[in-house]
Amino acid sequence: MSRWNLGPGETLLQSLEASMLAAILAVVYLIFLPGLGAPHQFDDVGNLAGLSEVVDFHSAAAFALSGEAGPLGRPLALLTFALQAPSWPGSVVDLQRVNVLIHLLNGVLVACLALKLSRLFPEAVKRPAPVAIVIAGLWMLQPLLASTSLMLIQRMTLLAATATLVGLILFVEGRTRLGDPKGTGFQVMTAGIVGGTVMAVLSKESGALVPLYAWVLEVTLLRRAGLPQSRSLRAWSAVFLGGPVILLVAYVGWSWRAILEGYGHRPFGIGERLATEMVILWDYVRLILLPKLSLLGPFHDDYEVLSPVNPATVVATAGWAVAAVGAYLARRWAPLLSLAIGWFVVGHLLESTVFPLELFFEHRNYLPSLGIIAVVAVTPCIAKGTPSRALVAGLAAYGMISAWTLYQVTSLWGEPRLAAHFWAETHPGSPRAAQLLARQLLTDGRDDAATEQILAASSRIPQASDLALQSLQITCGRVSAEESERRVSDLLERLPGMMHSYAAPKSLRSLVDMVVKNECSNVSEGVLLRLGEALLANRFFRENGHSSALVHRELARLAHHRKDIVATMGHLELAFLAFPHPDTAVLMAETLLSAGLLDQALKRLGDASRVARRYPLSRGRWEKRVQELESAIVAARAEQGA
């Protein structure tokens with residue numbers, strides 16, 4: 001019967017299936033409601049602060065093109081934030097609600113993809129629509145994925161997944177049309193892979209994995225379904241699936257030196273990261289299958305770094321080797337299991353391998369978890385005989401446990417005070433958890449408790465440079481001059497050997513703000529200068545261009561405050577050498593212009609224009625600022641001539 005000429009029974013069945021999906025979507029949305037309003041986390045403020053300046057189309061476009069979170073700036077994701085600029089920073093609920101709605105949209109797309117794949121196996125999957133809905137429902141209810149929706153900036157992950165899923169749906173649709181005499185299969189497949197990849201990477205770099213996800217589908221389910229193979233298909237796959245992989249490998253090779261240099265500010269090397277990730281991947285699998293509230297949350301910066309010869313890493317690595325071999329051998333007789341393993345591994349190829357990123361983040365499992373969930377959902381649905389009843393009961397229990405745990409997670413996120421205490425207790429080695437609790441205590445008016453929290457955390461985590469600087473900041477004017485001097489001396493001695501943190505230069509900036517405004521009587525500009533020099537003596541900060549530049553810029557601020565233009569320019573030049581950025585070059589030009597050094601200012605504007613070419617998506621914004629300063633220089637010359 002044609003899909004356009006359904007009988008009454010089939011129409012009723014489809015209505016029931018649609019109602020089933022709608023009910024699950026409603027349940028998931030209701031479960032997420034308690035978590036809306038959770039406070040900003042991690043990079044939210046750093047990446048979204050520019051929303052305050054979005055007032056019209058041009059400022060929205062400038063914000064969308066101003067991203068520096070990745071090589072391409074992730075403009076598509078930032079554009080969606082720009083559309084919600086009025087909600088920043090006060091209406092976090094509105095921003096998070098959109099994240100949750102995108103998650104629900106992704107759930108619908110997962111159901112569509114699962115439905116298309118299920119229909120390829122009519123003998124095994126008698127009711128493809130309910131099976132697809134169960135897969136989507138269990139995936140949306142994953143507690144491990146909650147933070148992806150509740151952390152504002154992870155909209156980048158959500159949107160990359162949206163584009164990836166749309167691209168894969170088109171790929172599967174085109175793949176099933178290859179036998180169609182009209183010959184539209186290759187066009188649809190190409191649109192899916194090319195369009196999906198481009199749109200995904202404009203949200204987040206993990207979107208580059210679209211061709212690899214498609215390849216996993218091809219060598220497991222699609223090939224097992226008996227879809228036609230041909231020389232044309234192999235040629236197409238070589239270009240559109242193999243080609244992007246070659247480009248990705250080439251990019252890694254081209255960036256290899258930068259990748260290795262990136263480990264200069266990490267407390268682990270590339271070997272230790274790879275070894276530790278082998279264990280972390282198994283932790284992810286455990287949290288997907290057996291979620292537990294105390295193990296979930298935004299803070300995992302206390303994860304222990306493991307060496308390649310650690311017994312745990314040896315066992316974990318061997319386990320993944322066995323899993324990989326098993327996936328290859330099982331691709332014919334257990335294609336779904338093979339898909340789950342391949343899908344999970346492929347999904348972690350960028351963020352859990354050689355790149356010098358932090359070790360553990362829950363959002364990295366947003367799409368990679370889907371294959372494992374599919375195995376959990378499909379196995380009971382296709383099992384035959386008496387055991388299937390037990391499996392279905394187990395599946396129902398798993399769904400209820402997931403829903404309850406997800407509700408616990410979102411409810412915790414929605415109670416900032418409770419969450420801050422809970423996360424600090426469950427992650428005592430996390431500087432970020434300690435800082436969140438301190439901020440919450442300050443919000444509650446418990447300044448003394450906040451001070452005690454930072455001081456205790458700094459003592460408990462002595463290698464945390466950010467906590468050490470914050471302990472000095474939070475005690476400004478609250479301890480005697482002798483005690484302050486003792487703390488400064490201890491800090492100056494320990495800073496060169498402490499752990500890198502991007503928050504440390506920000507803490508130095510806060511201290512500079514306080515000293516410049518005379519809000520910290522027992523810390524002088526000379527002390528801040530020595531603290532900055534101590535940070536630069538730390539190889540983790542010195543070898544990280546971005547952090548080194550930030551420290552030099554703060555030292556330049558101090559020099560500018562005491563009207564020392566030579567020292568100001570000296571630090572700005574060192575900042576520019578450490579991390580060439582248009583903003584630093586423009587700042588140098590502004591400094592020179594204010595001092596009447598017009599020729600030198602013009603030269604620095606040339607540096608700004610040159611470096612701006614490295615930021616193609618935001619180049620226009622920098623060139624506009626350069627033109628404004630060039631006009632100011634022309635006006636200044638005219639005044640001098642007059």
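Scan the stretch 318-358 for residues that are surrounded by fewer than 19 Cβ atoms within 10 Å (Cβ to Cβ) and either among the polar types (S, T, N, Q) or in contact with a His (Cβ under 6 Å, 6 or more places away or on another chain) (or both) and the total you get is 1. Restricting the search to the stretch 584-600, which residues are surrounded by 19 or more Cβ atoms within 10 Å (Cβ to Cβ) and either touching a residue at least 60 places away in the same chain (Cβ under 8 Å) or under 27 Å from S547 (Cβ atoms) (or both)? The answer is T584, A585, V586, L587, M588, A589, T591, L592. Screening the candidates A334, A330, A316, A377 for the property of being over 30 Å from L437 (Cα atoms), of a type outside the set (V, I, T) and at pLDDT 95 or above yields one hit, A316. Within the stretch 483-502, not a single residue is under 32 Å from the mean Cα position of the chain (by Cα), closer than 30 Å to G606 by Cα and open to solvent by less than 60 Å² (accessible area, probe 1.4 Å).
The numbered conditions (1) closer than 18 Å to A124 by Cα; (2) touching a Pro at 6+ places or on another chain (Cβ under 7 Å); (3) buried (at least 20 other Cβ atoms within 10 Å of the Cβ) are all true for A377 except (2). Of L178, L170, all but one fail to be touching a residue at least 24 places away in the same chain (Cβ under 8 Å), open to solvent by 10 Å² or more (accessible area, probe 1.4 Å) and not in a helix (DSSP H, G or I); the exception is L178.
Looking across the stretch 608-622, the residues that are open to solvent by 20 Å² or more (accessible area, probe 1.4 Å) and under 22 Å from H546 (Cα atoms) come down to S609, R610, R613, R614, Y615, P616, L617, R619, R621, W622.
Tell me the residue from Y251, Y303 that is over 28 Å from A396 (Cβ atoms) and exposed (fewer than 14 other Cβ atoms within 10 Å of the Cβ), please.
Every option except Y251 fails the conditions.
Going by what's in this entry, would R155 be described as assigned to a helix (DSSP H, G or I), within 28 Å of L65 (Cα to Cα) and charged (D, E, K, R)? Here the answer is yes, as R155 does meet what is asked. For the stretch 1-58, the candidate set comprises residues that are open to solvent by less than 40 Å² (accessible area, probe 1.4 Å) and modelled with pLDDT under 80; within that set, the residue that is farthest from G70 (Cα to Cα) is G7.
Screening T313 on (1) surrounded by fewer than 16 Cβ atoms within 10 Å (Cβ to Cβ); (2) over 25 Å from G497 (Cα atoms) shows it passes everything except condition (1).
Of the helices (runs of 4 or more DSSP H) lying entirely inside the stretch 225-330, those containing at least 1 residues that are among the aliphatic types (A, V, I, L, M) and touching a helix residue (DSSP H, G or I) at 6+ places or on another chain (Cβ under 8 Å) span 243-254, 256-262, 270-289, 311-329.
Collect the residues in the stretch 380-418 that are in a helix (DSSP H, G or I), aliphatic (A, V, I, L, M), open to solvent by 20 Å² or more (accessible area, probe 1.4 Å) and farther than 14 Å from L289 by Cβ, keeping them in residue-number order. Scanning the stretch 380-418 gives I382, A390, L391, V392, A393, A396, M400, A403, L418.
In the set (1) at pLDDT 90 or above; (2) of a type outside the set (A, V, I, L, M); (3) surrounded by fewer than 17 Cβ atoms within 10 Å (Cβ to Cβ), F576 fails one condition alone, (3).
Quick check on the stretch 269-300: of everything there that is of a type in the set (D, E) and in contact (Cβ under 8 Å) with a residue 60 or more places away in the chain, which residue is least open to solvent (accessible area, probe 1.4 Å)?
Going residue by residue through the stretch 269-300, those that are of a type in the set (D, E) are 272, 277, 283.
So of that shortlist, the ones also in contact (Cβ under 8 Å) with a residue 60 or more places away in the chain come out as 277, 283.
Values: E277: 0, D283: 28 Å².
Checked the stretch 269-300; the qualifying residue least open to solvent (accessible area, probe 1.4 Å) is E277.
Sort out which residues of the stretch 513-553 are among the acidic types (D, E) and under 12 Å from L574 (Cβ atoms), and write them in order of number.
At the first step, the residues of the stretch 513-553 found to be among the acidic types (D, E) are 513, 519, 525, 533, 543.
Passing the criteria: only E533.
In the stretch 110-128, is there at least one residue being touching a Phe, Trp or Tyr at 6+ places or on another chain (Cβ under 9 Å) and closer than 26 Å to A62 by Cβ? No; the residues of the stretch 110-128 include none that is touching a Phe, Trp or Tyr at 6+ places or on another chain (Cβ under 9 Å) and closer than 26 Å to A62 by Cβ. The number of residues in the stretch 542-573 being of a type in the set (D, E, K, R) and either part of a helix (DSSP H, G or I) or crowded, with 21+ Cβ neighbours inside 10 Å (or both) comes to 5.
The values are calculated or read from the model by the stated rules, or taken from the named source; none is laboratory data. If you're wondering where the values come from, they're calculated on a predicted model, not measured in any experiment. As a convention, Cβ positions derive from the backbone with ideal geometry for all residues, glycine included, and neighbour counts pool all protein chains shown. With ligands, DNA and RNA removed, areas are computed over all heavy atoms of the protein, side chains included. Shrake-Rupley method; radii C 1.70, N 1.55, O 1.52, S 1.80 Å.
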